[in-house]
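These notes concern the structure reproduced below.
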Amino acid sequence: MIEQRPTAERRKASAALDEARLRQQAIGVRLRQMFDEVVNEEVPDEFLEILRRADERGSEKA
Amino acid sequence: MEGAAEKTRPERSAADDAAFKRELVQLIPHLRAFARTLCGDPTAADDLAQDAMMKAWDARASFQMGTNMKAWTFMILRNQFYSEKRRSWRQSQLDQEAAERTLVAVDDPEAPVALDELRQGLAMLPAEQREALILVGAGGFAYEEAAEICGCAVGTVKSRVSRARRALHAILEDGAYDRDGASAGDAMRSILADAERLSTVR
């Protein structure tokens, strides 16, 4: 009985560690998904429009 | 010869500008995503991303082609965000309120509950931990790049990321996020189930 306890505790601790690692991975996957969701959105035309106007202004000056 | 060439700035050609513009355009989706994590409110985030894009464009002469433009533009965006914040500290409280509002709103009604909780959990982290975790964990930056973007030491980024991971895990585990009625373990269970599905897809 006395000899079994440390082993059982170790096993429990290692299982908990695996569990924690798995959970961290899961959060990581989610985090990327959250970010990528916005990355994959269509870019509003406004962005390209503003950049195009700035580019034209630059060319006129030159 | 080389020394003289360095002193007189070489003329920027139209081709240089075109190459810069092409690369910048490709970065817009990433700038929008990063801005969204800082502002929360999508409209304010797009304003920030546009400002950063224009600052990058105006500063194009100081950018060395071939170096990491993504990290460079993220740094510009981040500086822009914090300088605006400093200008009016009251705005930051409004940002926080807006963030909390949008963190709850999900565009996709099919999206599982867990994404909401992750957003809420992120909102509870200190700003410097949140941005470090997002840059490294979602933006795909190396610790060194994230350190450059945030203007701090690599070791600082590492410890921020690891503290953020632990804190986020604890928040999701305990259901410490502000959500009435939902049971604590649901968020984590949902995240786990979804991650399993996603990882098999990858």
Collect the residues in region A:29-62 that are part of a helix (DSSP H, G or I), modelled with pLDDT of 85 or more and among the polar types (S, T, N, Q), keeping them in residue-number order.
-> A:33
Counting only residues that are surrounded by 23 or more Cβ atoms within 10 Å (Cβ to Cβ) and without any contact (Cβ under 8 Å) to a residue 40 or more places away in the chain, which one in region B:34-47 is farthest from the chain's Cα centre (by Cα)?
-> B:45
Going by the conditions given, is residue B:132 touching a residue at least 12 places away in the same chain (Cβ under 8 Å) and within 13 Å of chain A (Cβ to nearest Cβ)?
-> yes
For residue A:10, are the conditions met, namely being part of a helix (DSSP H, G or I), open to solvent by 40 Å² or more (accessible area, probe 1.4 Å) and within 7 Å of chain B (Cβ to nearest Cβ)?
-> no
With respect to residue A:26, is the statement that it is under 18 Å from residue B:189 (Cβ atoms), more than 20 Å from the chain's Cα centre (by Cα), modelled with pLDDT of 80 or more and within 14 Å of chain B (Cβ to nearest Cβ) true?
-> no
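The values are calculated or read from the model by the stated rules, or taken from the named source; none is laboratory data. Treat the numbers as computed from the prediction; the structure is a model and nothing was measured. Note that each Cβ is placed from the backbone with ideal geometry, even for glycine, and that neighbours are counted across all protein chains shown. Accessible surface areas use protein heavy atoms only, side chains included; no ligands, DNA or RNA. Shrake-Rupley method; radii C 1.70, N 1.55, O 1.52, S 1.80 Å.
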